[in-house]
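Heads up: the structure comes next, in structure tokens.
What follows is calculated from the coordinates using simple rules that are stated; it is not laboratory data. Note that the structure is a prediction, hence the values are computed from the model and not measured. Backbone-built Cβ (ideal geometry, glycine too); neighbour counts: all protein chains shown.
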Amino acid sequence: MRVIAGKAKGLPLVAPRGRHTRPTSDRVKEAVFSTLQDKIPGALVLDLFAGSGALGIEALSRGAKKAVFVEKERRSLRCLRANLQKAGMSLQAEVLAADVLRYLREAQKVFFDLIFLDPPYSSQLGPKALDLILTKNLLQAAGCIVWEAPADLAVLPLPGLQLWKKKIYGDTMIMYFQHASEGEAYGYFRDA
């Protein structure tokens, strides 16, 4: 696992070992950032279920202004902080050792340009986090939410979000959401 492009290009990143961790592959990360390339410069980024911080660090490497990382697992937090320090990005980052849903419930008037959502595949945390992001109005008007989920998730309606792109890479699905135009609602995905 490495930083793919930008000022930290090629930097190897560490991730916690174990069967409960699932770092985003370099192939998927490269595809995501190819899609988002014009949304990154100067962006305020929120990396939820941050793990090793690979997505937020990639965004910082490519010109994002600041990234907020939310992660509760101690082993992941150690890796995340080490990766930020190694990349020289600690001053552009805020690392919060917190439960994602609790953080979202308590979030106060922060508007993010880009939100990465990468919850454990076996959890139902993705839909809950999306609901809170919308309820708390954390996404800028022209912002984007990128949700990494299992490829076999099925769709249910959710007013307020529009799915503008969906790609499947093996057992991984990447969905890109933005605020829905008036009257549109494409929804979110949940296990069938």
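About its Cα centre, the chain has a charge dipole of approximately 740 debye under the convention of +1 per Lys or Arg Cβ and -1 per Asp or Glu Cβ, with nothing else charged. Annotation: amide H-H contacts under 5 Å for LEU11 (H modelled 1.01 Å from N, sequence separation of 5 or more, or interchain): VAL3. DSSP bridge analysis restricted to the stretch 26-191 gives an antiparallel fraction near 50%, rounded to the nearest 5. Distant-in-sequence amide contacts of ALA50, defined by a placed amide H-H separation under 5 Å and a gap of 5 or more residues or a different chain, comprise VAL70, GLU71. Pairwise Cα separations in the stretch 48-105 fall into 5 Å bins from 0 onward with the following percentages, short to long: 4, 22, 34, 23, 12, 4, 0. Taking the Cα atoms of the stretch 88-187, the ratio Rg/Rh between the radius of gyration and the Kirkwood radius comes to 0.96. Cα centroid separation, the stretch 123-175 to the stretch 63-88: 22 Å.
When the stretch 22-112 is described by a simple charge dipole with +1 on each Lys and Arg Cβ and -1 on each Asp and Glu Cβ, the residue from LEU84, PRO41, ALA64 located farthest towards its positive end is LEU84.
Among the listed pairs LYS9/LYS136; LYS86/LYS166; LYS136/LYS166; LYS39/LYS109; LYS72/LYS109; LYS39/LYS136, a Cα-Cα separation exceeding 29 Å is found for LYS9/LYS136; LYS86/LYS166.
Size descriptors for the chain (Cα atoms only): Rg and Dmax, in that order, 15.3, 46 Å.
Based on the mean of other beta carbon atoms within 10 Å per residue, what is the order of 75-85, 90-100, 117-127, most packed first?
Numbers: 75-85: 19.6, 90-100: 15.3, 117-127: 17.4.
Result, highest mean Cβ count within 10 Å first: 75-85, 117-127, 90-100.
Each residue of the stretch 61-70 was assigned a 3J(HN,Hα) from its phi angle through the Karplus curve 6.51 cos²θ - 1.76 cosθ + 1.60 (θ = phi - 60°); the sequence is 4, 8, x, 4, 6, 7, 10, 10, 10, 10 Hz, with glycine and proline shown as x.
Considering only ILE133, PRO150, VAL3, and ranking their Cα positions along the charge dipole of the chain that arises from unit charges at the beta-carbon of Lys, Arg, Asp and Glu, the one farthest toward the positive end is VAL3.
Between LYS7 and SER34, the simple label model (points 7 Å from Cα in the Cβ direction) yields a spacing of 2.6 nm.
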